[in-house]
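My questions will all concern the structure given below.
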Amino acid sequence: MSTPAIPVAPPAALPPVAQRFWRYVQIDTTSDPGADATPSTERQKVLGQLLVDELEAMGATDPAMDDHGYVYATLSATTRTPGPVLALLAHLDTSPDAPGAGVTPVLHPAYDGSAVPLPGDLSVVLDPERQPALRDHVGHDLITSDGTTLLGSDDKAGVAVLMQLAAELVADPSLPCPTVRLCFTVDEEIGRGVDKLDLERLGADVAYTLDGSGRDTLYTETFNAAEATVTVEGVAVHPGYAKDVMVNAARIVSRLVAQLPPDEAPETTAGREGYFHPHTTAEGTAQQASVRILLRDFTDEGMARRKAFLRHLVDTLRTQHPRATIDLAIEDQYRNMGHYIQASDPRVISLAHEAADSIGIDLTESIIRGGTDGARLSEMGLPTPNVFNGGHDYHSCFEWNTVQNLTHALRYTQALVATWAYRSRTP
């Protein structure tokens with residue numbers, strides 16, 4: 001049995017929100033798309049239980065983790081007039097797209113704008129030529145992993161901001177605060193972040209996730225998302241006697257992938273352009289092979305076209321290979337949250353801008369070329385745009401955040417809470 005890594009203590013000079021982030025990223029919470037349980041990995045509960053313990057210690061109301069790993073707590077209102085209950089959410093898990101165990105955070109003080117090799121793998125280099133956002137952070141104190149793992153800003157930056165917010169609001173009852181429901185979700189990275197969430201227990205009227213990259217951005221739209229699984233059962237025989245007998249399942253799957261439009265892939269699209277993404281293949285053989293394909297589009301019409309195109313490809317392959325069994329299953333994952341937010345309570349957008357104005361931030365609305373828990377929550381009737389948490393280059397060993405971005409995200413979230421509190425007061 002391997003010995004767990006000894007946690008690296010945060011530098012004492014870091015502000016509290018950055019110290020929390022430093023501690024949280026060292027807890028492995030990678031989710032597993034192949035697991036059926038919720039949470040998909042028990043390690044997510046390790047961080048969840050730590051948050052419950054810290055919330056209890058700071059004096060939050062009724063902190064608890066349910067059987068599925070969701071953490072709930074309440075910050076009591078300091079306003080006299082009842083108003084909307086505000087939920088603030090972040091997710092515990094990190095993406096399985098990059099290693100998430102044994103994260104060693106590294107501080108790079110006073111970034112000077114040059115390329116930064118990471119000490120655990122010198123081939124992993126933060127480079128403003130490849131990552132132009134670095135140019136906007138000269139003078140910041142960068143936080144990275146050592147280059148052998150992701151960092152975990154997605155979404156432990158959000159977790160750290162909400163936990164520090166809670167600590168400060170509980171410690172100072174004079175700070176304006178409506179009734180706030182904190183919620184830390186599981187399995188967001190594998191599209192199941194709210195599958196077992198108890199909306200009645202959450203008890204909120206409006207909400208925000210703190211799961212967006214960069215600074216000063218409110219994300220108000222997501223992709224429509226679906227996942228297609230194509231499974232092929234072929235006919236396997238010895239290759240020496242295969243003529244007119246073998247039907248090679250691996251070859252059929254390869255032909256399917258090759259026919260996906262190359263100009264509609266993640267690596268060839270940007271902005272509001274959607275894509276087909278062959279994300280995962282099983283261990284393919286001549287007897288059986290499969291592929292998972294992610295479908296993404298910002299419009300309902302575009303998503304319908306993508307599903308129809310994939311069905312056409314599969315039907316064509318069935319005609320070409322009648323002795324093979326080719327199954328196609330398409331599962332919707334989440335929908336563009338923009339329409340649901342506007343239809344439900346557009347104040348979540350207008351008050352977000354008002355909060356930014358109150359502290360001199362020029363808040364920009366943007367789209368997410370991905371999804372968040374907020375997409376599903378908005379569809380379920382709880383309008384939930386996504387707030388920035390400062391991180392960059394998620395799901396990779398090149399991921400980074402800065403001390404200044406974390407404190408900036410905390411300052412904005414404080415203003416957001418205060419704005420909703422003022423709106424709850426009697427004129």
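The values are calculated or read from the model by the stated rules, or taken from the named source; none is laboratory data. As the structure is a prediction and not an experimental result, all values here were calculated from the model. Note: ideal-geometry Cβ built from the backbone for every residue, glycine included; neighbour counts use all protein chains shown.
Does residue 133 count as within 20 Å of the chain's Cα centre (by Cα), part of a helix (DSSP H, G or I), in contact (Cβ under 8 Å) with a residue 60 or more places away in the chain and surrounded by 14 or more Cβ atoms within 10 Å (Cβ to Cβ)?
Criteria not met by residue 133.
Pull up the stretch 312-347, narrow it to residues that are assigned to a helix (DSSP H, G or I) and in contact (Cβ under 8 Å) with a residue 60 or more places away in the chain, then point me to the one that is surrounded by the most Cβ atoms within 10 Å (Cβ to Cβ).
Per the stated criteria, the residue is 341.
Continuing with this model, one more query. For the stretch 41-49, does any single residue satisfy the condition of being surrounded by 14 or more Cβ atoms within 10 Å (Cβ to Cβ), among the aliphatic types (A, V, I, L, M), more than 25 Å from residue 109 (Cα to Cα) and in the same structural domain as residue 404 (by TED's automatic domain parsing)?
Yes, the stretch 41-49 contains a residue that is surrounded by 14 or more Cβ atoms within 10 Å (Cβ to Cβ), among the aliphatic types (A, V, I, L, M), more than 25 Å from residue 109 (Cα to Cα) and in the same structural domain as residue 404 (by TED's automatic domain parsing).
Quickly run through the stretch 20-71 and pick out the residues that are closer than 17 Å to residue 98 by Cα and not in a helix (DSSP H, G or I).
25, 26, 27, 28, 29, 30, 31, 32, 33, 34, 40, 41
Something else: In this structure, is residue 361 within 29 Å of residue 395 (Cα to Cα) and assigned by TED's automatic domain parsing to the domain that holds residue 188?
Details: within 29 Å of residue 395 (Cα to Cα): yes; assigned by TED's automatic domain parsing to the domain that holds residue 188: yes.
So residue 361 fits the description; yes.
In the stretch 246-258, is there at least one residue being part of a loop (DSSP other than H, G, I, E, B) and more than 30 Å from residue 221 (Cα to Cα)? Walk me through it before giving the result.
So in the stretch 246-258, the residues part of a loop (DSSP other than H, G, I, E, B) come out as 246, 248.
Filter again for more than 30 Å from residue 221 (Cα to Cα), leaving 246, 248.
For the stretch 246-258, residues part of a loop (DSSP other than H, G, I, E, B) and more than 30 Å from residue 221 (Cα to Cα): present.
Follow-up. Scan the stretch 348-366 for residues that are of a type in the set (Gly, Ala, Ser) and in a loop (DSSP other than H, G, I, E, B) and jot them down.
Here is the first cut: in the stretch 348-366, the residues of a type in the set (Gly, Ala, Ser) are 350, 352, 355-356, 358, 360, 366.
Matches in the stretch 348-366: 360 only.
Inspect all residues belonging to the stretch 157-176 and state whether any of them is touching a Gly at 6+ places or on another chain (Cβ under 8 Å) and of a type in the set (Ser, Thr, Tyr).
Within the stretch 157-176, none of the residues are touching a Gly at 6+ places or on another chain (Cβ under 8 Å) and of a type in the set (Ser, Thr, Tyr).
Just name the residue that is surrounded by the fewest Cβ atoms within 10 Å (Cβ to Cβ) out of those in the stretch 183-238 that are of a type in the set (Asp, Glu) and not in a strand (DSSP E or B).
Of everything passing the filter in the stretch 183-238, 200 is surrounded by the fewest Cβ atoms within 10 Å (Cβ to Cβ).
For the stretch 65-104, which residues satisfy the criterion of being of a type outside the set (Gly, Ala, Ser), over 28 Å from residue 416 (Cα atoms) and in contact (Cβ under 8 Å) with a residue 40 or more places away in the chain?
Hits for the stretch 65-104 are 68, 96, 97, 99, 103, 104.
Here's the yes/no breakdown for (1) in a strand (DSSP E or B); (2) of a type outside the set (Phe, Trp, Tyr); (3) touching a strand residue (DSSP E or B) at 6+ places or on another chain (Cβ under 9 Å); (4) surrounded by fewer than 20 Cβ atoms within 10 Å (Cβ to Cβ):
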{"site": "375", "(1), (2), (3), (4)": "no, yes, yes, no"}
{"site": "383", "(1), (2), (3), (4)": "no, yes, yes, no"}
{"site": "390", "(1), (2), (3), (4)": "no, yes, yes, no"}
{"site": "404", "(1), (2), (3), (4)": "no, yes, no, yes"}
{"site": "407", "(1), (2), (3), (4)": "no, yes, no, yes"}
{"site": "414", "(1), (2), (3), (4)": "no, yes, no, no"}
{"site": "417", "(1), (2), (3), (4)": "no, yes, yes, no"}
{"site": "420", "(1), (2), (3), (4)": "no, no, yes, no"}
